[in-house]
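Note sheet for the following structure.
The values are calculated or read from the model by the stated rules, or taken from the named source; none is laboratory data. Predicted model only: the values in this text are computed from it and were never measured. FYI the Cβ positions are ideal-geometry reconstructions off the backbone, even for glycines, and counts take in every protein chain you see. Heads up: the accessible areas ignore ligands, DNA and RNA and are worked out on the full protein's heavy atoms, side chains in. Shrake-Rupley method; radii C 1.70, N 1.55, O 1.52, S 1.80 Å.
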Amino acid sequence: MIASTRGGLDLLRSNWKQVSAMLFLGFSSGLPLLLIFSTLSLWLREAGVERGAVTYFSWAALGYSFKFVWAPLVDKLPIPALTKLLGQRRSWLLLAQFSVITAIILMASSDPATQSGLSVMAFAAVLLGFSSASQDIVIDAYRIEVVEKDVQALMASTYVAGYRIGMLVAGAVALYIAAGLGTTKEVYIYSAWKWTYLSMAAFMGIGVLTTLLVREPVARGESSYFHHVSDYLRFVLLFIIFVGTFIGSFLLLSDLVVGLKAALAGAEGQHKALAGFAGETLRLAVSLGAALGAAWLVVVIGVARREMVRDTYIAPVADFFHRYGKAALLILLLVGFYRVSDIVLGVISNVFYQDMGFSKQQIATVTKVFGIWMTILGGFLGGFLTLKFGVMRMLMLGAVLTVVTNLLFILLAQAPGNLPLLYVVIGADNLTAGLASAAFIAYLSSLTSLSFTAIQYAIFSSLMTLFPKLLGGYSGQIVDAIGYQQFFLGASLIGVPVFLLVWLANRHTEVEQANE
């Protein structure tokens, strides 16, 4: 125990600059998230925007689930002049951060109480989601490349801490600023929200300063297929066609989902939710198929070079399957389902707190202040325990604790308005979330190859949220059908198969490595 602790402290001493930098880069990464979700939702409600219109702003988060599509652009393309000055990672990071700042300022300059302002707000929110996801791509690649693999647990725990502090600022601090400037649900003051979002843009300066101060990771070998301007232009065109086809198909298929929901208007709640989930999944799958078909056609007719596509999209996937063999599919299943229980429950959590009779002040204090500090504590605890016991053991512990702590919400559902119990449940849940997240980030980092860090980590991080977010979107309908207690039981039980996935992934990975 003492030797392990001393080893962790030695790693921290020798890499303290890089570890400290991740605290500030994590802050920069966590700040934009709530400016798209809960904080923005409150602004829109105060501005008199209908709830139905508010839900369209969830499109801004699509960038987080599909960032693997443009990750190769970030990984391969140099930025004129800036890349020579700062390097590949820092140049893209600086560009993404300034894009985030621009989007936040644009949101601050738009009053959603007017139709024109609402339209600009929607565009700015999408830009913020895209820019923030791009920033995440670069930070994830930087974190993996700048230190050795045995330091990743410390880097992950520090990143989680910074990320949660960023969320705290964009959540609780932003609400305190807006309230202090006088805006309320009854008396909407646009200028209060304007200055709140401008202050959030100013906080992004922390990330910009960190980017300018940190060192660039050691340069890797460059692709032999990217030497000419025409290669870059073809690559960008392929990306535009893929994204355009996906969005067009997704919008065209919206009538199918609407029709399905209308046909099931009289069905029972759980059947209606299941059918809606199936319809959205089919819509997503067909849209992705159409986009892939369009991209394939572009390659066949010679607009984009086959070598370029193979080098940037196929090679990273082939590398992963080559390194992990038969264990690769198990690993992908684990990545895709590890956080399903936590995310599905989290979607409905704020509504649940309100339904249990807790005030907005109580929810903000317990979940956004106390809860986030517990998550930070859990993140550091998870990082140091991972150093001592290993990633896979901590993944198993995190999976088990997630199921157990989610069951605590059943007790809270049986005791509406019980503030001490809320503290206990939030404390346990967020401590577990921090611990599990630190171990999981370290695990994902260990799966990547230094030759393909950006694209491989983007695939993993997109996969880990895609299915849970899709399923979580129907949590409200499920609660209406079966009630909170049964919902929390179900949300906990869907996390049980993760135990088996962790065990199988660990076992088969060891076998594959032994056979090498």
**Report entry** Identity of the residue in segment 1-38, open to solvent by 70 Å² or more (accessible area, probe 1.4 Å) and part of a loop (DSSP other than H, G, I, E, B), that ends up modelled with the highest pLDDT
**Finding:** Phe37
Report task. Mind counting the residues in segment 179-195 that are without any contact (Cβ under 8 Å) to a residue 60 or more places away in the chain and assigned to a helix (DSSP H, G or I)? Result -> 4
Requested in this report: Confirm whether Leu387 is modelled with pLDDT of 90 or more, part of a helix (DSSP H, G or I) and of a type outside the set (Val, Ile, Thr).
Outcome: no
Query raised in the report: Looking at segment 411-419, is at least one residue open to solvent by less than 30 Å² (accessible area, probe 1.4 Å) and of a type outside the set (A, V, I, L, M)?
Result: no
Query - Qualifying residue in segment 464-478 (condition: under 30 Å from Val146 (Cβ atoms) and in contact with a Leu (Cβ under 9 Å, 6 or more places away or on another chain)) - result: yes
Query raised in the report: Being of a type in the set (Gly, Ala, Ser), out of contact with any His (no Cβ under 6 Å at 6 or more places or on another chain), modelled with pLDDT of 85 or more and in the same structural domain as Asn406 (by the TED database), is that true of even one residue in segment 462-482?
Result: no
Report summary line: Restricted to segment 333-347 and to residues being hydrophobic (A, V, I, L, M, F, W, C) and buried (at least 20 other Cβ atoms within 10 Å of the Cβ), the residue farthest from Asp231 (Cα to Cα) is Leu345
Report summary line: Exactly one of Ile139, Ile101 is open to solvent by less than 20 Å² (accessible area, probe 1.4 Å) and in the same structural domain as Gly26 (by the TED database), and that residue is Ile139
Query raised in the report: If you scan segment 106-117, which residues turn out to be surrounded by fewer than 18 Cβ atoms within 10 Å (Cβ to Cβ) and in a helix (DSSP H, G or I)?
Result: Gln115, Ser116, Gly117
Query raised in the report: If you scan segment 110-157, which residues turn out to be under 18 Å from Leu33 (Cα atoms) and hydroxyl-bearing (Ser, Thr, Tyr)?
Result: Ser131, Ser132, Ser134
**Report entry** Test set (1) within 23 Å of Ile247 (Cα to Cα); (2) crowded, with 19+ Cβ neighbours inside 10 Å; (3) touching a Gly at 6+ places or on another chain (Cβ under 9 Å) - Leu73 fails condition number
**Finding:** (3)
Requested in this report: May I ask you to list the residues in segment 134-178 that are without any contact (Cβ under 8 Å) to a residue 12 or more places away in the chain and of a type in the set (Val, Ile, Thr)?
Outcome: Val173
Report task. Could you check how many residues of segment 181-194 are crowded, with 16+ Cβ neighbours inside 10 Å and closer than 12 Å to Asp111 by Cα? Result -> 5
Requested in this report: Considering every residue within segment 379-396, establish whether at least one is closer than 27 Å to Ala172 by Cα, among the aromatic types (Phe, Trp, Tyr) and surrounded by 22 or more Cβ atoms within 10 Å (Cβ to Cβ).
Outcome: no
Report summary line: Requiring at least 3 residues that are within 23 Å of Tyr457 (Cα to Cα), the helices (runs of 4 or more DSSP H) wholly within segment 307-364 are 315-324, 327-337, 340-355
Query raised in the report: Which of the residues belonging to segment 282-306 are assigned to a loop (DSSP other than H, G, I, E, B), open to solvent by 30 Å² or more (accessible area, probe 1.4 Å) and touching a residue at least 40 places away in the same chain (Cβ under 8 Å)?
Result: Val303, Arg305
Query - Test result for Ala442, within 23 Å of Val366 (Cα to Cα), at pLDDT below 90 and either part of a helix (DSSP H, G or I) or among the basic types (Lys, Arg) (or both) - result: no
Query raised in the report: Which of the residues spanning segment 237-247 are open to solvent by 50 Å² or more (accessible area, probe 1.4 Å) and modelled with pLDDT under 80?
Result: Ile247
